[in-house]
Amino acid sequence: MPPRRSWAPIFGLLCACVVSACSRAQAVSPDPGGFAVVELFTSEGCSSCPSADSVLNQLAEESSQQGLPVYALAFHVDYWDSSGWRDPYSASWATQYQRAYQAALSARGLYTPQMIVNGRDEFIGSHAAQARSSIARARSKPRGSELRVRARGDTERAVVQYDLSRLPASSVLRVALVDPEATTDVLSGENAGRRLRHLHVVRGFTALPLSARSGEVSVRWPPDFDAAHRKRAFVVAYVQDRSTMQITSASRADLQSP
């Protein structure tokens, strides 16, 4: 009878090869440090928007729990305000900002809900699978530069100090003043009778043309921001190309008391 073969040495060798290959893959494929700024243009007066709000809420909650560099921002436009319900978070500057995207991306007019990732990838905001795919692609690309921000609040405004590792050409620094959570009982219009929950509502917004690698910019509090709102607010700052609207770096900062 021929002697029995032992497969243990061969199996061990195969395992070692697999582990070695995995180690090499990890060594040559580091995290590139990518990020995603996810902007949703929405309105409480639009019946199609609550589903997109829910998608953005999910993305905001997941990124917060997992510590991922995904910055979810809800911009409430004002062109729905004459359709039966005035959105309390709407602003003309949100509409103007969306118009800038329309021109840069050759989008099909203004519409809600519109989601844009890193200033270049736009789609219907309620498409959750497309949003996740776009975020994954954005996070696989390295940042154009490192952006660090610090923020403090006083009685009239939020003051943001920024530092860039390099100065991109033809870019602006945009700063969004964000209310982490807001809830509205809608009394009329297309969403009448619904309670709408919003996360990361942009309540103040400004842009600074970049001419230096460090500096300071401020955003005024909205009129309805009381001390409690100011205490919980935070800022998201990002560098954006003026012509293409591509976002090349981003950062977030909580507000410190003066």
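Each value in this text was obtained by applying a stated rule to the coordinates, not by laboratory testing. Remember, predicted model here, so these are calculated numbers, not experimental data. In this analysis, Cβ positions are derived from the backbone assuming ideal geometry, glycine residues included, and neighbour counts consider all displayed protein chains.
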### Query
If contacts are Cα pairs under 8 angstrom and at least 6 residues apart, what is the relative contact order of the range 36-256 in percent?
24 percent
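Would you mind ranking Asp226, Asp81 so that the residue whose beta carbon has the fewest other beta carbons within 10 Å leads the list?
Going from least to most buried by this count: Asp226, Asp81.
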### Query
What does the highest-first list of 84-92, 96-104 look like by mean Cβ count within 10 Å?
84-92, 96-104
### Fully extended contour minus Cα-Cα distance, from Ala227 to Gln96, at 0.36 nm per residue
44.3 nm
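Using Cβ counts within 10 Å as a stand-in for footprinting exposure, how do Leu196, Leu177, Leu167 rank, fewest first?
Fewest-to-most Cβ neighbours within 10 Å comes out as Leu167, Leu196, Leu177.
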#### Entry: Inter-site label distance for Leu167 and Ala107 at 7 Å from Cα along Cβ, in nm
3.1 nm
